[in-house]
Amino acid sequence: MTEVLLATRNRHKLREIREILEGTRFSVISPDELAEGVPDVVEDGDTFRANADKKARTLAQMFDRITIADDSGLEVDALGGAPGVHSARFSGVDGADADEANNDKLIASLDGVPDAKRTARYRCALAIVTPDGRARYTDGTCEGSIGYARIGEGGFGYDPLFRVAGDPEGRTMALYSPDEKNAISHRGKALLELLPLLESLLES
């Protein structure tokens with residue numbers, strides 16, 4: 001098993017990526033499992049890729065390990081692509097209450113917007129960076145639309161509002177099992193594309 005550092009403190013992302021990597025030769029470890037008091041990397045980029053690159057590059061140098069970083073979020077067409085890179089901080093609320101507050105703000109922001117105009121997508125950018133600065137990138141998207149109320153208890157973030165495009169039952173992501181979600185999610189797609197690039201970096 002080859003262990004790679006994952007630049008996140010988000011326990012939901014850590015769990016999902018570990019689930020997606022099951023059956024591969026890779027496993028991930030978080031910064032908090034290596035050291036105490038690791039400072040957060042300020043995500044001030046204007047794209048998901050810029051933020052992912054900054055996080056991966058910073059921790060690869062800090063720990064002298066190949067590092068994967070994810071930056072992801074929700075793009076809502078009726079809001080001009082917002083919340084985008086600000087998805088986790090859309091409401092300005094931090095901590096355990098952030099998801100609820102972000103969903104509340106999204107519902108309010110789309111008040112009066114008809115169903116046909118509520119299209120949206122989850123987008124994920126992944127970066128993998130070596131300690132000597134070599135980098136590879138992948139992206140993944142999952143198309144859908146935004147519902148009018150939360151449905152489902154699974155997932156995290158905007159999953160209770162995100163209706164997956166093409167789902168015959170119109171389910172939200174929060175109604176998907178972990179295996180179902182990982183098979184079609186933006187993060188799952190980006191990570192599966194990243195695996196051969198990770199292999200090539202290790203070989204070189």
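Taking ARG187, is it assigned to a strand (DSSP E or B), touching a residue at least 24 places away in the same chain (Cβ under 8 Å) and closer than 22 Å to ALA69 by Cα? Steps first, answer last, please.
Values: assigned to a strand (DSSP E or B): no; touching a residue at least 24 places away in the same chain (Cβ under 8 Å): yes; closer than 22 Å to ALA69 by Cα: yes.
Spelling it out, it is not the case that ARG187 is assigned to a strand (DSSP E or B), touching a residue at least 24 places away in the same chain (Cβ under 8 Å) and closer than 22 Å to ALA69 by Cα.
Checking the structure you have, find out if any residue of the range 182-203 is crowded, with 20+ Cβ neighbours inside 10 Å and more than 17 Å from ARG18 (Cα to Cα).
Scanning the range 182-203 turns up no residue that is crowded, with 20+ Cβ neighbours inside 10 Å and more than 17 Å from ARG18 (Cα to Cα).
Condition test on ARG163, is it under 19 Å from THR119 (Cα atoms), in a loop (DSSP other than H, G, I, E, B) and without any contact (Cβ under 8 Å) to a residue 60 or more places away in the chain? Give the steps one after another, and end with the answer.
Working: under 19 Å from THR119 (Cα atoms): yes; in a loop (DSSP other than H, G, I, E, B): no; without any contact (Cβ under 8 Å) to a residue 60 or more places away in the chain: yes.
Spelling it out, it is not the case that ARG163 is under 19 Å from THR119 (Cα atoms), in a loop (DSSP other than H, G, I, E, B) and without any contact (Cβ under 8 Å) to a residue 60 or more places away in the chain.
Say whether the condition of being without any contact (Cβ under 8 Å) to a residue 24 or more places away in the chain, under 27 Å from ALA52 (Cβ atoms) and either within 16 Å of the chain's Cα centre (by Cα) or buried (at least 21 other Cβ atoms within 10 Å of the Cβ) (or both) is met by at least one residue in the range 94-103. Quick ask: steps written out before the conclusion?
Here is the first cut: in the range 94-103, the residues without any contact (Cβ under 8 Å) to a residue 24 or more places away in the chain are 94-98, 100-101.
Remaining after also requiring under 27 Å from ALA52 (Cβ atoms): 94-98, 100-101.
Imposing the further condition that a residue be either within 16 Å of the chain's Cα centre (by Cα) or buried (at least 21 other Cβ atoms within 10 Å of the Cβ) (or both) reduces the set to 98.
Yes - at least one qualifying residue is present in the range 94-103.
Please specify each residue of the range 166-184 satisfying the condition of being aliphatic (A, V, I, L, M) and touching a residue at least 24 places away in the same chain (Cβ under 8 Å).
MET173, ALA174, LEU175, ILE184
If GLY155 satisfies all but one of (1) without any contact (Cβ under 8 Å) to a residue 12 or more places away in the chain; (2) on the phi > 0 side of the Ramachandran plot, what's the number of the condition it fails?
All conditions pass for GLY155, except number (1).
Note down all Cβ pairs under 6 Å where the first residue falls in the range 11-31 and is in contact (Cβ under 8 Å) with a residue 60 or more places away in the chain, the second is exposed (fewer than 15 other Cβ atoms within 10 Å of the Cβ), and they're at least six residues apart or on different chains.
Sorted first by the residue in the range 11-31, then by its partner, the pairs are GLU19/PRO178; PHE26/THR2.
Kindly check whether there is at least one residue in the range 53-69 that is touching a helix residue (DSSP H, G or I) at 6+ places or on another chain (Cβ under 8 Å) and among the small types (Gly, Ala, Ser).
Within the range 53-69 (the criterion being touching a helix residue (DSSP H, G or I) at 6+ places or on another chain (Cβ under 8 Å) and among the small types (Gly, Ala, Ser)), the answer is yes, since at least one residue qualifies.
Residue by residue through the range 59-83, note down the ones that are of a type in the set (Val, Ile, Thr) and either touching an Asp or Glu at 6+ places or on another chain (Cβ under 7 Å) or within 23 Å of VAL113 (Cβ to Cβ) (or both).
Initially, the range 59-83 is screened for residues of a type in the set (Val, Ile, Thr), giving 66-68, 76.
Of everything in the range 59-83, just one residue is of a type in the set (Val, Ile, Thr) and either touching an Asp or Glu at 6+ places or on another chain (Cβ under 7 Å) or within 23 Å of VAL113 (Cβ to Cβ) (or both), namely VAL76.
Any residue in the range 5-20 that is under 18 Å from GLY84 (Cβ atoms) and surrounded by 13 or more Cβ atoms within 10 Å (Cβ to Cβ)?
Keep residues of the range 5-20 that are under 18 Å from GLY84 (Cβ atoms), which gives 10, 13.
Adding the requirement that they be surrounded by 13 or more Cβ atoms within 10 Å (Cβ to Cβ) leaves 10, 13.
Checking the range 5-20: at least one residue is under 18 Å from GLY84 (Cβ atoms) and surrounded by 13 or more Cβ atoms within 10 Å (Cβ to Cβ).
Within the range 54-85, restricting attention to residues that are part of a helix (DSSP H, G or I) and among the basic types (Lys, Arg), which residue is farthest from VAL28 (Cα to Cα)?
Filtering the range 54-85 down to residues part of a helix (DSSP H, G or I) leaves 54-63, 77-79, 84-85.
This time we only want the ones that are among the basic types (Lys, Arg), so: 54-55, 57.
Values: LYS54: 18, LYS55: 15, ARG57: 16 Å.
Across the range 54-85, the extreme among qualifying residues is LYS54.
Laboratory data are not the source of any read-out in this text; all were calculated from the coordinates shown. Computed from a predicted model, the values in this text were never measured in an experiment. Positions of Cβ are backbone-derived with ideal geometry, glycine not excepted, and every protein chain shown enters the neighbour counts.
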